[in-house]
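Here's the structure, in structure tokens; my notes come after.
The values are calculated or read from the model by the stated rules, or taken from the named source; none is laboratory data. None of these values were measured; they are calculated from a predicted model. In this analysis, Cβ positions are derived from the backbone assuming ideal geometry, glycine residues included, and neighbour counts consider all displayed protein chains.
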Amino acid sequence: MNRVLYTGLTSPDKEFIHTPLIEIVAVEDDAPLIEAVRQLQPNDILLFTSRYAVKYWYETMEKIGVGWSNHRIVSIGDTTTKALRDLGATNIEQTKQDDSYGVIDYFRSVDNGHSIVFPRSELALSLIPDGLQAMGFKVKTVTAYRNVMPQSPQKVDLNKIDTIFFTSPSTIDNFIRLYGSLPVHVEYRTRGVVTQNYLNEKLK
């Protein structure tokens, strides 16, 4: 039997050994997030790449008493899109490809006269903002949540693991912090091209 160690927040398979190596928490200072919500303009495009950005953006809207209006929203993946719909957003366009490169490809056909407002983790990579700015878009990033190492992460005997599944670059970094290095005897699986590329760099 293949023994899989899953490091993301929610395991997709009950047979996996699940030891989350990330934890999502609110920002300590939400003033920039409040300002971003208040300053959103009718022609701005909202970009969401995780359900957590949706959660904290929505909570901030509720805090200051505003709604979604009819802003154009671009979403990565079914999970993010579902979170938006569950919270009442309607004008949603989902990228065909469920990763950062899919976002950049999507905006190739969008008028770059729009500004893009991008709530995200404080650990998010610069790939999306850099790519969109290179295409002529004005991009405003704002930290919507923090991605942190759990206070007491559970260690397992890696000699009893056949496959390790990483869901983000953060899970890779936190694994190395916890275990010291990436074992060579296991198979690796990742979610998304960005995480795979990051893993490849760490394995060199």
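Looking only at segment 147-181, residues that are in contact with a strand residue (DSSP E or B) (Cβ under 7 Å, 6 or more places away or on another chain) and of a type in the set (D, E, K, R) come to 1 in all.
Residues considered: K63, K55. Of these, the only one that is charged (D, E, K, R), in the same structural domain as V142 (by TED's automatic domain parsing) and in contact (Cβ under 8 Å) with a residue 40 or more places away in the chain is K55. Check segment 132-142 and report whether any residue there is in contact (Cβ under 8 Å) with a residue 40 or more places away in the chain and closer than 18 Å to T7 by Cβ. No, every residue in segment 132-142 fails to be in contact (Cβ under 8 Å) with a residue 40 or more places away in the chain and closer than 18 Å to T7 by Cβ. So which of K96, K160 ends up being basic (K, R), surrounded by fewer than 15 Cβ atoms within 10 Å (Cβ to Cβ) and either assigned by TED's automatic domain parsing to the domain that holds G8 or in contact with a Cys (Cβ under 6 Å, 6 or more places away or on another chain) (or both)? After applying the criteria, what remains is K160. Confirm whether F48 is in contact with a helix residue (DSSP H, G or I) (Cβ under 7 Å, 6 or more places away or on another chain) and closer than 18 Å to S168 by Cα. Criteria met by F48. In segment 127-141, is there at least one residue being in the same structural domain as L40 (by TED's automatic domain parsing) and either touching a Pro at 6+ places or on another chain (Cβ under 8 Å) or hydroxyl-bearing (S, T, Y) (or both)? Scanning segment 127-141, I find at least one residue that is in the same structural domain as L40 (by TED's automatic domain parsing) and either touching a Pro at 6+ places or on another chain (Cβ under 8 Å) or hydroxyl-bearing (S, T, Y) (or both), so the answer is yes.
For L132, indicate whether it is within 23 Å of Y198 (Cα to Cα), at pLDDT 95 or above and touching a helix residue (DSSP H, G or I) at 6+ places or on another chain (Cβ under 8 Å). Yes; evaluated as a whole, the condition is true for this residue.
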